Amino acid sequence: MSDVVEKTLTALPSLLSLDSHSGSTKLSSSSKLGNLIRGITELTSKHEEEKLIQRELASIKEQVSSPNTSMRQMKELMVRAIYCEMLGYEASFSYIHAIKLAQQGTALEKRVGYLAVSLFLNESHELLLLLVNTVLKDLQSTNLIEVCMALTVVSQMFPKDMIPAILPLVEEKLTHPKEIIRRKAVLALYKFYLIAPNQVQHIHNKFRKALCDKDPGVMTASLHIYLQMIQENPEGYKDLTASFVTILKQVVAGKLPMDFNYHSVPAPWLQIQLLRILAFLGKNDQSSSEIMYDILEESLRRAEINHNITYAILYECVKCIYTIHPKSELLEKAAKCIGNFVLSTKINLKYLGLKALTYVVQQDPKLALQHQVTIIECLDHPDLIIKRETLELLFRITNAQNVAVIVEKMLEFLRGNKDDYTTIDLVGKVAELAEKYAPNNEWFIETMSTVFSVGGDTMQPDIPNSFLKLLSEGFDSVEEDRKLKLFAVDSYVSLLQGEPGKLPQRFLQVISWVLGEYSYLRGELDAATVLRLLAKLLDTKSTSSETKSWVLMAMTKVCEGGVGVSVAQEVCETYSSSLDTALRQRAQELQHLSQDRDLRAKVLPREAGSEPLEVDSSLSFLDGFVSEALAAGAAPYKPHHQRQEELAQAKALSMEPYGLPISMSSCSIADRQSPTLLSVSSGLSGDSPSLSQKGGSTTPKLDGVKRVWGRQGYLVQTEPVEESDLVEVTGPLQSPNQQAGADGPPSQTPTLKPTPQPEQEKQQLASSLFVGLGSQSSLCLMGKPEATTQRFRRKAKGPVLSSSTGEQISNSSVSASSMANNLLCNDLLDSNITSETAAPSLEQTPQLSRDLPAANGACAVESTDRDVKENSASLIGDNRLVAADPAPRGDRGKLKDFSAHLPAEFSGLCHSDISPLASNQSLDVSACHVQKEDSLVLVVFMYNSSDDAIPHILLELRSDELEVSCEGDSPVEEARSRSVAVCQYSLTVKKPSVHVEVAGTVSYQLPVGTSQSVQFSYKLPLTSFIRPLTVSTEEYGTMWLDFSHDTKQKLTPICLGQEPLMDTLNVLKKKLKLHVVEIIGMEGIVACRVLRDQPCLMHCRLHAGALSVWLRSPVPDLPDCLMYHCQRALQEH
Amino acid sequence: MQFMLLFSRQGKLRLQKWYVPLSDKEKKKITRELVQTVLARKPKMCSFLEWRDLKVVYKRYASLYFCCAIEHQDNELITLEIIHRYVELLDKYFGSVCELDIIFNFEKAYFILDEFLLGGEPQETSKKTVLKAIEQADLLQELYRPERSRDVK
């Protein structure tokens, strides 16, 4: 193809003189645009260009605003304005004229007008509102081209709030006789779905019709919507799996018109889209996956032409195969396919090969071994992108044995890297690996020092935070603890003696803190020496004032002895008059505390870091002071938001004379329903940052760091890996692969044979990089074992090396037998899947059934909340059986017992069914949630099915949407043999979402010494968090005006008797626990809150048989989520 | 797809299409940085780039660079073929397209792009159908012209 365009002459000015050239015949050389372009190319300096364009813009501006300009001239002017904007000069004066042109022009003029609008404005631009009417008119036009133009612009940008205005027209187009119109209408709906999913919820069945459209183009377009919807909720579309498979079959077999072929491959875009959809549907779902196996194999087989497009399909195919429920033959074929990518000489394919490997090694680390030669070559690749992707791959296969080599490679890359994004990302990964797998103290401290120096001030703040937390919390072994701190102190002292001015601020802060806390541990180190080093930092110009604060605090902790105090005094003198108040305060503290030894010992006791601080957050000790001040006439304190509100009200008041008086009751709501007002207000709210909700997200996740370190890092010394070790470890299990890697490249790559000398180096590198992977390979066919869970094993107890090898040995002995039994068991299940008799038959093999989920990794279980169960009928039910794996069914007998373990205080409350979540050889985890009036409690049951007591079970929960807090004293439990340990957690909503999920890890140590972990996830609908909010009508009115996030939708009311509004609200009240504030005529106002205290208000109005519902809340997304549940509640009724 | 840029070897922007709402300032900054990064790459290097939190896929045709930003889960190779299909469409429409065609008729290039990609997703992958749609719209313009001139009179 490039030859075709190769004809382009590179030197522009020389070409312009050749008017007879084939390309330039079409140039409108006499046009004004032509003149402008030519003018620009003749210029030599940027300055001249600027002058010329400014002149041009001035003339355009004059002409567009002249009343005599015809639409045709306007079109020409618009094209020139677009050109100027493309060159980077602003032409905002023309935006309004672009809209006018789209409105008033005919055909091509309109087309240019729409184009200019779509290039000039974005969907949040306020002028776009002016386009709504034009779009409405054109959608109703009898001219197909005009309808097309309107649909095209709508699919690119449309104001969210105006969607209801055109939705019926767009929907209507789904049945248009012309396929191009249907296609564009589907894409417009796709766009609506992306920006406002609630608005198009009611037309889901029409999407199905589009999917069955006889025109392949329309069907392809509908897949965009399906991909999106299935990604969000795969459970809802399992019934379509077979249809998608059939479509793919037809495409692959070449049943589509030839038009859709691309380089003789049938409809590649369609194929890829379908493969992505199938991957979502088959994930964690064996029965759906089984439907796909045939067509996936067929796709792999068919893709034989050596062209990019074939590889694109293959890549998607491989990803799909590794995402869905595994089938060993397919995996083998896919693995071979990855080999073709990785070994390709084409750099783009090599890159994708690495990317695919990175994706699959999490499930099958053996694959990395097969390609070690290539991976090592890629590590030294001149293209940084390849190098970067290789590091990503290595990151995924890191273990305790190869961590040193891999981290060294990453740091090497980081030192030469200039891109901030990459630095932030890689530095985080190095820190993660260092904390997880550090072989010894020295290495850890040195690595972290490099991380801090390289990461500089751009890195994520939680890296230094978790590092300091790790140091301060210490480990179980006091001696190790001391050694680590000592080493840190030593290395930081020597850093400060060097050139501390070059170190980043964050690192200096870490150093000061460590020296302040722990320098006393090094007895021979004089406090005065430390103080001088710190004081030197204060004198360095580049030190920021934040760092200076840290330094002063550190000095306060260490100042001791005559010399020390005098150094401190000197510093105090300088900074007690500093303009920076924070510094001045620190200096004052230093001054006082350095002089009063006893006070200092009391305020800053040594080793206090590990003891929890008691904080009186209500500041009750100040009560006396406050009441005195109030008595003396001080104004009472108002919190920030209250002051803001009053300020805003004060402003609103000044507007009063010009507008109608606004009463604070519900009737004002109706006043504000005019479209412009509504959209302007919500547009504003969209732009303003939502402060209150984002607060929690930056808090560092530090949990568990301590334990990883404490028990793993030090007790076992992993020697630097020798080659002989490697042979020993990988020898028996891995010999075929190892040989392929070490003795020379695999047979497909005869060209890669390197010369002996570098070969040896590479071999050494290979052995150090890939050590520890081989032993797991025997497990890989079982599913997704060890490697996937490795990342989460931060909390694992016990020494890394012994645990991993020990467990592997025990596991691999089990695996052989359970693999055979696996099939057997599945058969049993299949045949009995609906009958209750499955339970007893499975109970005969309890040991076996409990093994299964462990082999399949964490299994996601749909929560059995009543809401979910009621509405989604049999679909979800069936799938749950499959997804939940056999074990929980087998343990049915035990499940009944769990309810007996439900804490007594919950006995009277309503709780969900107890659903099994995950289990392994020794532990079964189940959970349910209990609705309390002011909270929602998640109760987790852990049943110890082994014969030995488990002394410490550590349960940790995390969630993106929820705030999880532990009820009771500690999350650590003990489980005696054959008994149940119960943990309670209180959940509140942090970030609203239609469904929320909690993921958890149970880690524990068996008496035998191996550490284990079980992972699970628990899903529940937002409705479980809704509680009534009792407010008066007046309060409601005030709140309504304050809330910035809203959504509106028409719902179908419920008609039981005479009063549909009342009936509907009663249903909502009953199902969603809303509080009905007042009903006035055809309008009703309702309020609720989402735990803990996120209010949401609803206003509904019955009009012409439809219920228009308007939801408002200060919390973003909450109105949308609630709207979804209201709609569901009404539909189910 | 997040956006598509066309620029020349000299770094001059020839076409820009943004599928995500961004401010003009951001757009300019992104364009400047990306043009610099891509132009600095050597011919034998990979056509994919990690750039900020996006993936950039680019390809050079004669003196023009076509450059698309996609998300991480998207397929890089198929994006490369999207670029190629677009070039094929331009080539068919203009009849061996060259950079000058795109400079002087950039609005046409935009029309073709809008018929091929809509809202960042491939709308129609059949070459014939896309060109038919464009031709019909072009034809309409011819039909309208006489009417229009009558109006003026």
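Considering only segment A:996-1025, state which residues are surrounded by 20 or more Cβ atoms within 10 Å (Cβ to Cβ), touching a residue at least 40 places away in the same chain (Cβ under 8 Å) and under 30 Å from A:Val1067 (Cα atoms).
A:Val998, A:Tyr1018, A:Leu1020, A:Pro1021, A:Leu1022, A:Thr1023, A:Ser1024, A:Phe1025
Given the conditions (1) assigned to a helix (DSSP H, G or I); (2) open to solvent by 10 Å² or more (accessible area, probe 1.4 Å); (3) not aromatic (Phe, Trp, Tyr), report the number of the one that A:Ser155 does not fulfil.
(2)
Out of (1) assigned to a helix (DSSP H, G or I); (2) more than 11 Å from chain B (Cβ to nearest Cβ), what's the single condition that is false for A:Thr142?
(1)
Can you confirm whether A:Glu297 is closer than 26 Å to A:Leu349 by Cβ, open to solvent by 50 Å² or more (accessible area, probe 1.4 Å), modelled with pLDDT of 90 or more and more than 14 Å from chain B (Cβ to nearest Cβ)?
Here the answer is yes, as A:Glu297 does meet what is asked.
Working only within segment A:1074-1112, note down all residues that are of a type in the set (Gly, Ala, Ser) and open to solvent by 10 Å² or more (accessible area, probe 1.4 Å).
Within segment A:1074-1112, A:Gly1081, A:Ala1104, A:Gly1105, A:Ala1106, A:Ser1108 qualify.
Output the residues belonging to segment A:257-279 that are open to solvent by 60 Å² or more (accessible area, probe 1.4 Å) and either in a helix (DSSP H, G or I) or on the phi > 0 side of the Ramachandran plot (or both).
Result: A:Met258, A:His263, A:Ser264.
Please determine, by comparing only the residues of segment B:6-18 that are modelled with pLDDT under 90 and at the interface with chain A (Cβ under 9 Å from one of its Cβ atoms), which one is least open to solvent (accessible area, probe 1.4 Å).
Step by step, filter segment B:6-18, then rank; the result is B:Lys12.
Search segment A:66-89 for residues being in a loop (DSSP other than H, G, I, E, B) and at pLDDT below 85, and hand back the single one that is nearest to the other protein chains (Cβ to nearest Cβ).
Among residues in segment A:66-89 that are in a loop (DSSP other than H, G, I, E, B) and at pLDDT below 85, the one nearest to the other protein chains (Cβ to nearest Cβ) is A:Ser70.
Show me the strands (runs of 3 or more DSSP E) entirely contained within segment B:20-124 in which 3 or more residues are within 10 Å of chain A (Cβ to nearest Cβ) and at negative phi.
B:48-51, B:54-61
For A:Val925, indicate whether it is open to solvent by less than 20 Å² (accessible area, probe 1.4 Å) and either in a loop (DSSP other than H, G, I, E, B) or within 24 Å of A:Ser1011 (Cβ to Cβ) (or both).
Yes: the conditions hold for A:Val925.
Residues A:Asn306, A:Asn348: which one is closer than 24 Å to B:Arg85 by Cα and at pLDDT 90 or above?
Step by step, each of A:Asn306, A:Asn348 is checked, and only A:Asn348 is closer than 24 Å to B:Arg85 by Cα and at pLDDT 90 or above.
Could you list all residues from segment A:168-197 that are open to solvent by less than 10 Å² (accessible area, probe 1.4 Å) and either within 12 Å of another protein chain (Cβ to nearest Cβ) or more than 17 Å from A:Cys148 (Cβ to Cβ) (or both)?
Hits for segment A:168-197 are A:Ile181, A:Arg183, A:Lys184, A:Ala185, A:Val186, A:Leu187, A:Ala188, A:Leu189, A:Phe192, A:Ala196.
In segment A:524-603, which helices (runs of 4 or more DSSP H) lie fully inside it and hold 1 or more residues that are open to solvent by less than 10 Å² (accessible area, probe 1.4 Å)?
Fully inside segment A:524-603 and qualifying: A:527-539, A:545-558, A:561-575, A:581-595.
Cβ contacts < 9 Å: first residue in contact (Cβ under 8 Å) with a residue 60 or more places away in the chain, restricted to segment A:503-523; second residue outside any helix (DSSP H, G or I) and open to solvent by 30 Å² or more (accessible area, probe 1.4 Å), any location; separation 6+ or different chain. Result?
These pairs meet every condition: A:Glu517/A:Arg606; A:Glu517/A:Glu607; A:Tyr520/A:Glu560; A:Tyr520/A:Arg606.
Looking at A:Pro326, A:Pro382, can you tell me which residue is open to solvent by 10 Å² or more (accessible area, probe 1.4 Å), at pLDDT 85 or above and within 14 Å of chain B (Cβ to nearest Cβ)?
After applying the criteria, what remains is A:Pro382.
Going by what's in this entry, would A:Gly624 be described as part of a helix (DSSP H, G or I) and within 21 Å of A:Val489 (Cβ to Cβ)?
no
A:Pro13 fails exactly one of the following numbered conditions: (1) more than 9 Å from chain B (Cβ to nearest Cβ); (2) assigned to a loop (DSSP other than H, G, I, E, B); (3) modelled with pLDDT under 85; (4) more than 27 Å from A:Asp138 (Cβ to Cβ). What is the number of that condition?
Tallying (1) more than 9 Å from chain B (Cβ to nearest Cβ); (2) assigned to a loop (DSSP other than H, G, I, E, B); (3) modelled with pLDDT under 85; (4) more than 27 Å from A:Asp138 (Cβ to Cβ), A:Pro13 fails exactly one: (2).
Which residue is most open to solvent (accessible area, probe 1.4 Å), if the candidates are limited to segment A:90-136 and must be more than 10 Å from chain B (Cβ to nearest Cβ) and more than 39 Å from the chain's Cα centre (by Cα)?
A:Gln104
Just the residues that are open to solvent by less than 40 Å² (accessible area, probe 1.4 Å), in a helix (DSSP H, G or I) and not hydrophobic (A, V, I, L, M, F, W, C), please, taken from segment A:439-451.
Passing the criteria: A:Asn441, A:Thr447, A:Ser449, A:Thr450.
Could you grab me the full set of residues in segment A:220-231 that are open to solvent by 10 Å² or more (accessible area, probe 1.4 Å) and either of a type in the set (Val, Ile, Thr) or more than 14 Å from every other protein chain (Cβ to nearest Cβ) (or both)?
Across segment A:220-231, the qualifying residue is only A:Thr220.
With the requirement that a residue be under 21 Å from B:Glu50 (Cα atoms), without any contact (Cβ under 8 Å) to a residue 24 or more places away in the chain and assigned to a helix (DSSP H, G or I), what does segment A:400-438 give you?
A:Met410, A:Glu412, A:Gly416, A:Tyr421, A:Asp425, A:Val430
When both residues are 6+ apart or on different chains and their Cβ atoms are under 6 Å apart, which pairs have a first residue that lies in segment A:1068-1086 and is within 15 Å of A:Met1039 (Cβ to Cβ), and a second that is assigned to a loop (DSSP other than H, G, I, E, B) and open to solvent by less than 40 Å² (accessible area, probe 1.4 Å)?
Here the result reads A:His1075/A:Leu1029; A:Ile1085/A:Ser666; A:Val1086/A:Leu1074, each pair linking segment A:1068-1086 to a residue that is assigned to a loop (DSSP other than H, G, I, E, B) and open to solvent by less than 40 Å² (accessible area, probe 1.4 Å).
Would you call A:Thr246 among the hydroxyl-bearing types (Ser, Thr, Tyr), surrounded by fewer than 23 Cβ atoms within 10 Å (Cβ to Cβ) and within 14 Å of another protein chain (Cβ to nearest Cβ)?
So A:Thr246 does not fit the description; no.
Say whether the condition of being touching a helix residue (DSSP H, G or I) at 6+ places or on another chain (Cβ under 6 Å), open to solvent by 10 Å² or more (accessible area, probe 1.4 Å) and without any contact (Cβ under 8 Å) to a residue 12 or more places away in the chain is met by at least one residue in segment A:364-371.
The answer is no, given that none of the residues of segment A:364-371 is touching a helix residue (DSSP H, G or I) at 6+ places or on another chain (Cβ under 6 Å), open to solvent by 10 Å² or more (accessible area, probe 1.4 Å) and without any contact (Cβ under 8 Å) to a residue 12 or more places away in the chain.
Please go through segment A:19-40 and pick out each residue that is open to solvent by 40 Å² or more (accessible area, probe 1.4 Å), in a helix (DSSP H, G or I) and either facing another protein chain (nearest Cβ under 8 Å) or modelled with pLDDT of 50 or more (or both).
A:Lys26, A:Lys32, A:Asn35, A:Arg38
The values are calculated or read from the model by the stated rules, or taken from the named source; none is laboratory data. Since this is a predicted model, take the numbers as computed values, not measurements. Note that we place each Cβ from the backbone using ideal geometry, even for glycine, and neighbour counts take in every protein chain shown. Just the protein is used for accessible areas: all its heavy atoms, side chains included, with ligands, DNA and RNA removed. Shrake-Rupley method; radii C 1.70, N 1.55, O 1.52, S 1.80 Å.
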